[in-house]
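Structure first, then comments.
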Amino acid sequence: MVFFFYFFSFLVLFLLSPAPTLSLNQEGLYLQRVKLTLSDPDSALASWENDRDDTPCLWFGVKCDPRTQSVTSIDLSSANIGGPFPSFLCRLQNLTFLSLYNNSISSTLPGDLPTCQNLEHLDLSQNLLTGTLPRTLADLPNLKYLDLTGNNFSGDIPESFGRFQKLEVISLVYNLLDGTIPPFLGNISSLRMLNLSYNPFFPGRIPPELGNLTNLEILWLTECNLVGEIPDSLGRLGKLVDLDLAVNNLVGTIPSSLTELTSIVQIELYNNSLTGGLPTGSGWSNMTKLRLLDASMNDLSGPIPEDLTRLPLESLNLYENRFDGNLPASIADSPALYELRLFRNRLTGQLPRDLGKNSPLKWLDVSNNQFIGEIPASLCEKGELEELLIIYNSFTGQIPESLGRCQSLTRVRLGYNLLSGEVPPLFWGLPRVYLLELIGNSFSGQISKTIAGAANLSLLIISKNNFTGSLPEEIGFLKTLFTFAGSENKFSGSLPESLKNLGELGTLELQNNDLSGELPSSVRSWKKLNELNLANNEFYGTIPEDIGSLSVLNYLDLSNNRLSGKIPVGLQNLKLNQLNVSNNRLTGELPPLFAKNMYLSSFLGNPGLCGDFEGLCNGRDDEKNRGYVWLLRSIFVLAAVVFVFGLVWFYLKYRKFKNARAIDKSKWTLMSFHKLGFSEYEILDGLDEDNVIGSGASGKVYKVVLTNGEAVAVKKLWGGVVKKEYENGCGDVEKGQHELSICNLYFVSTISIDYFFVKTVTEYAYTLRVNEKSDIYSFGVVILELVTGRLPNDPEFGEKDLVKWVCTTLDQKGVDHVIDSKFDSCFKEEICKVLNIGLLCTSPLPINRPAMRRVVKMLQEVGAENHPKTVKKDGKLSPYYYEDPSDHGSVV
């Protein structure tokens, strides 16, 4: 019994006594201290609070040596932690791997990193680090991998970086480094990857010393503000696999030494200013691993080397250059060729007849060239062709029957060629095609019923051909169809009733055909319809009431048909940019919203249609008609009286002027377009040769200072030029930097822009009668001409126009390379604002272009900010602003 008593007592004491504690080692304590310095909103480091572990080896992101249990790796990538760089981690003596990728590590990088003596891999990319790169990074003796991509480091690359002993990878992409790419980087002989892309470096050359990096496999210097030529020394990089020098300002020829890169797989030289031809010689034949060559958007010329076309290229991008000559037939011999992109060049001749026969061709784009002949029937021989793009060439003949069996096709663009004949029936029904574009050819025949098989078709663009017959009901089976453009063909018959099933339809263009019948009575399913154009057909019946329920419809043209009945009141619910139902047989009163002069042209040619403005409703009672006739006659008589009186007044004034000055009356005509605050005599007094400020195709331009201190510009217009400009309806933008003749024309004038820049542009905006988005675009071009001092098609632009040149130059070089250097820099802020207005007016999407009233207001606001009225100082005129917006000045 005593034994059991003692045993029971011992058991109770054992169970009730506290458990022995495990002691966390020193490295665990270091990590807990690190946690205290970091923000951790997602509690990613919750396991770092565990005091029961003897080591941190099981904690989140921590790895240890299995033998010594010492921490060797910390990976906290994308853990959403923040705070300064945790320098305490360097207390971990055996730490070799540290990644804090994609977090919010901020502030500067400390200079005590060399205490991480064993660190081999350091990844701090995609954080918020600032300041300069620490020069002490080079003192990490074992560092092999350094990635600081996507931070805000600025300044120069430290000279100490040339002392790295074992560094193999350095990536400084997407920072704010603004020095130059230093030549001492060529001393890091161990480098395998050098990536400095997308930094605003000061303009500089590619250091020839980089050719010493004989172990280099990847060299990425994209968008580094590089200038000068590509150094020959890069041809010594025998292990180089990927070379990217794109989006810079490199000039000169492509060095032939690049063909010595026998290990190269990818070369990207696009968007530079390289000239000359591609390197010739047998070097290309040794580049057996080359899969992609992109030299697009340069100024290269000459033929494509034949050896290049024999390579097993996966991608050949040579567009937007000036290549000429034929495409060698040997390009079809490449057994691995699956991507061929040669668009926007000047290539001629025929495509190789066997192209695609021996290779698994997937993508072919030879658009915007001068190719002729037939489409090769072998393009889809291997059954893998996905994209066939040959727009804007001169291909002839029919679509090969073999392409109708190419079920891998997804994107087909054959537009703007000389193709003819009937489209193969199977071609209409390719199951994976989402874009089928045949516009601008001479195709004939009907749309085959096999189109029902094109289950993935979204864009059907077949306008400007000779297609005939009725539209098949099967088109209504295409549930994904978004755009159906079939205008300017010879389609006949009525619209298929099945069209109402197209719930994804956004654009329906069938104008200029021979279609007839009534419009579908129910179109409520067209909820996404944005544009409906059925003009110039033979449709009859009423306009469906349901059209008023199409909330996103903004373009409706039903003109030149035989529609009858009333205008649906529901049309007032739509926000239409374009409405045209003219030249039909519509009757009744207009809905109140449309009974405004601004809509008059939308309803003309409907004899029975009535509104509260002149030009509609010939069916009103005779008495009211007689009243209109009397009013018209009265206006005509009054206008005749005013005209005669004006002629007499002009004759008297002219005779007085003739007696006052001996100027040949046959040479001058004064034309005032606004109320003048001066007389013609003030103008004529200043027409001296000493006051000539410019000369254009239509006459000289004089600067005339008036008695009130204001200045105007006077243009001497010879009769033949004025007549030609007015007959054409559009003047010229002349070569002089300070003169302008405005298009869509109600006057021709020239004004010096040295002193009147903002005032003048505002005046043009008020004077031009603009009522279409295209006119806004034209006016925007005028603004850009004034700001840049360049012609709209300056030879310097190459294939670009002024608008594209301005956008590209702004993006790549900044506003200082766009603004005319003749402007005084003190007006830079105002000029930049006017430049922005010009860019708004030339927006690629018409709907984004502002109304002219808004343009005028913006220009007035620019002028109102800094410009007082004109004052005379030291014999010169200062800039001025008319405070009254209704006072548009005078033009002579």
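Rule-based calculations on the coordinates, nothing more; no lab input. None of the values given here were measured: they were computed from a predicted structure. Here the Cβ positions follow ideal geometry from the backbone for every residue, glycine too, while neighbour counts run over all protein chains shown.
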Pop a pseudo-label 7 angstrom from the Cα along the beta-carbon direction at both Arg135 and Ser408 and give the gap in nm to one decimal. 5.8 nm
Roughly how big is region 24-95's charge dipole about its Cα centre, with Cβ charges of +1 (Lys, Arg) and -1 (Asp, Glu), in debye to the nearest 20? 180 debye
Taking 0.36 nm per intervening residue step and subtracting the Cα-Cα distance, what contour gain separates Ser442 from Lys566 on full extension? 40.7 nm
I need the peptides 492-501, 476-485 ranked by packing, meaning the mean over residues of other C-beta atoms within 10 angstrom, with the highest value on top. 476-485, 492-501
Report the label-to-label distance for Ser87 and Asn152 in nanometres (one decimal), using points 7 Å from each Cα along the Cα→Cβ vector. 2.1 nm
Highest-first arrangement of 264-270, 782-788, where packing means the average Cβ count within 10 Å: 782-788, 264-270
With Cβ to Cβ distances under 11 Å as the rule, what net charge do the other residues near Thr809 carry (K, R +1; D, E -1)? +1
Work out from phi, with θ = phi - 60° and the Karplus expression 6.51 cos²θ - 1.76 cosθ + 1.60, the ³J(HN,Hα) of each residue of region 577-593, listed in order in whole Hz, and give x for Gly and Pro. 7, 9, 9, 8, 10, 5, 6, 10, 10, 6, 9, x, 7, 5, x, x, 4
Among 45-58, 511-524, how do they line up by average Cβ neighbours within 10 Å per residue, starting with the highest? 511-524, 45-58
Full extension between Leu638 and Asn848 adds, at 0.36 nm per residue less the Cα distance, a length in nm of 71.2 nm
Once Lys and Arg are counted +1 and Asp and Glu -1 for all other residues with Cβ under 15 Å from that of Glu223, the total becomes -4
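Please report, in debye to the nearest 20, how large the charge dipole of region 333-431 is about its Cα centre when each Lys and Arg carries +1 at its beta carbon and each Asp and Glu carries -1 there.
Working: 10 positive and 11 negative charges, 49 e Å.
The calculated dipole for region 333-431 is roughly 240 debye.
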May I ask which residue of Ser582, Leu600, Asn554 lies farthest towards the positive end of the charge dipole of region 536-601, with charges of +1 (Lys, Arg) and -1 (Asp, Glu) on Cβ and the Cα centre as origin? Leu600
If r is the Cβ-Cβ distance from Tyr555 to Ala455 and R0 is 30 Å, what FRET efficiency results, to the nearest 0.05? 0.60
Spacing of the two label points (7 Å from each Cα toward its C-beta) at Ser825 and Met598, in nm: 4.5 nm
When His817, His121 are ordered from fewest to most other Cβ atoms inside 10 Å of their Cβ, what list results? His817, His121
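Dipole magnitude of region 445-574 about its Cα centre, charges +1 at Lys/Arg Cβ and -1 at Asp/Glu Cβ only, in debye to the nearest 20?
Computed charge dipole of region 445-574: roughly 160 debye.
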Would you mind getting me the FRET efficiency between Arg205 and Asp178? Use the beta-carbon distance for r and R0 = 22 Å, nearest 0.05. 0.85
Per-pair calculated FRET efficiency, R0 = 30 Å: Glu229 and Lys804 via Cβ, rounded to 0.05: 0.70
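Pulled fully out, how much extra length does the chain show between Asn80 and Asp816, if you take 0.36 nm times their separation in residues and subtract their Cα-Cα distance?
Net length gain for the segment: 260.9 nm.
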